[in-house]
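Here the structure is laid out as structure tokens; the discussion comes afterwards.
The values are calculated or read from the model by the stated rules, or taken from the named source; none is laboratory data. Just so it is clear, the model here is predicted, and its values are computed rather than measured. Because the Cβ atoms are built from the backbone with ideal geometry, glycine has one as well, and the counts that use them run over all protein chains shown. What goes into the accessible areas is simple: the full protein's heavy atoms, side chains included, and nothing from ligands, DNA or RNA. Shrake-Rupley method; radii C 1.70, N 1.55, O 1.52, S 1.80 Å.
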Amino acid sequence: MNAISPASSGSSAAVRSSPALWQQLQLAAQGLRAVRAGQSARAVLQLWPASLRPGAQALLYHGLRHLGTAQVLREQLATRKPSAQVDALLCLALAALWQPDAVGYDDFTLVNQAVTALRKQRDTQAQAGFVNACLRRFLRERTALQAVVAQSPLAQWNHPLWWIEKLQRQYPAQWQAVLEANNGRAPLSLRINTTQISRGDYLAQLQEQGMAAWPVQGSGLLLTQAVDVRQLPGYAQGWFSVQDAGAQTAAPLLLEGLQAEDPSAPLRILDACAAPGGKSAHLIEHALAIGQSIRLLALDVDAARCERIHENLQRLRLQAHAQVQVADAGQVAQWQAHLQGHRLDGILLDAPCTASGIVRRHPDVRWLRRPEDVAALAKTQQYLLRQLWPLLREGGRLLYCTCSVFHEEGQDQMQQFLAQHANARLVHPVQHGLPRYFSAVQAPAAGESGDDHDGFFYGLLEKTTGTGTAGDCPDA
Ligand SMILES: C[S@@+](CC[C@H](N)C(=O)[O-])C[C@H]1O[C@@H](n2cnc3c(N)ncnc32)[C@H](O)[C@@H]1O
């Protein structure tokens, strides 16, 4: 039996010649323990040996998407609480047994390999018999346990209860669709670098290699199959970036209709929270596509992540249009000199947030966040908005965005900001973009929307003369 491919790739195609399942399970269980201790899955995966990573990642991601179910099942099956490593392995095995087809192993193999994984480790071998009994009981009582799962919101939706309740309050009509989309798998979404190649020509290149894709946004393509992006045509030449379709809204939204204050000078744009540079690159690509020259200052507080901006801009051949600085965007005095006395035509504030909109790509996020994080991040977001606003010229635009569906990080921010800034006007009605899940298995049929994107919020503000009184956000 072979393991599923990495869940982030969105495919359940089998990975050939994968290492033993028990080894993958052991590693995935260590990963789950680390996530439960507060580490991001991405950070954990980076440390894993390349040979084990695809299979173990697939098991971990599947486990994270079904962790609520697994925990409820474990409570039913385990008479005592196992140690952290054993519990993680038991939960991963239960998640896999819950949907064996999705994981690609039969029941016998899963039970056998989970028990082997415990036997092979000195500190867990004593509990192998206990786990064996739990898993075999699950197989015997599967039908009855399904009824238990159906009664539990945690098991049914695989999100923490506080998260489910927040969505129920904020989206009474859509909360179930949001949770369902969160539990889906994101397709591979590309943004074509139109300074290098047109979308049509790139699509033709993909088709020549037998790959199907369909257009999204102005320059995006959704691929119907999961592939290693480094193997796609033109990766090294910078022909494309990987970027969710929702994130591809930012650059056109900020730049369309925006003119430089001095028509003989380039557009002066700040990307305040820029790493790893996805939207920075798109801002440059889009400005050039609409015939605008651009000078972008990209800031990020995280030096290592700033390196990623450099790498990405270099691969995309866009570095000549940008300056990258490690800086806290809120500490304006520390980096303002890089503006050389100019005020900004546009600001992109892609603020740090809970990431509640990108759960399908990052299935660990729902388990990592705590309810109190929402208010703390909302405070930071409002602080950054206030600090950056004075740098914008009159008639200039600030695009505030987050990859969150929580109102506190989107519409409430706009409402608060507009109530306190008489010189701000909302250009677009305020609306959260809820995650939309469209099956990536095949292209949309004629007349069908192939719309598939993460959840996000965009609020586009324009600086006015500010003679009126500050008012409420009209659509919040
Ligand atoms: C949502 S991510 C940005 C994603 C990026 N715009 C893109 O499209 O690739 C938020 C970023 O904000 C950065 N950040 C957090 N607080 C910051 C601050 N005070 N100043 C500058 N950057 C900050 C984080 O390091 C993180 O890289």
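Taking the numbered list (1) within 16 Å of the ligand (Cβ to nearest atom); (2) of a type outside the set (Val, Ile, Thr); (3) loosely packed, with under 14 Cβ neighbours inside 10 Å in turn, residue 371 passes all entries but (1). Of 271, 300, all but one fail to be touching a Cys at 6+ places or on another chain (Cβ under 9 Å) and either open to solvent by 10 Å² or more (accessible area, probe 1.4 Å) or closer than 25 Å to residue 331 by Cβ (or both); the exception is 300.
Among the residues of the range 186-242, those identified as among the hydroxyl-bearing types (Ser, Thr, Tyr) and either modelled with pLDDT under 95 or crowded, with 22+ Cβ neighbours inside 10 Å (or both) are 189, 202, 219, 224, 241. Evaluation of residue 81 against the conditions (1) closer than 18 Å to residue 67 by Cβ; (2) in a helix (DSSP H, G or I) shows that the sole unmet condition is (2). Under the condition of being assigned to a helix (DSSP H, G or I) and of a type in the set (Lys, Arg), the residues counted in the range 100-124 number 1. Taking the criterion of being in contact with a Ser or Thr (Cβ under 6 Å, 6 or more places away or on another chain) and not assigned by TED's automatic domain parsing to the domain that holds residue 200, would at least one residue in the range 324-331 satisfy it? The answer is no, given that none of the residues of the range 324-331 is in contact with a Ser or Thr (Cβ under 6 Å, 6 or more places away or on another chain) and not assigned by TED's automatic domain parsing to the domain that holds residue 200.
Looking at residue 392, is it within 12 Å of the ligand (Cβ to nearest atom) and either aromatic (Phe, Trp, Tyr) or closer than 25 Å to residue 327 by Cα (or both)? In short, no.
Exactly one residue out of 295, 315 is open to solvent by 60 Å² or more (accessible area, probe 1.4 Å) and at negative phi: that is 295.
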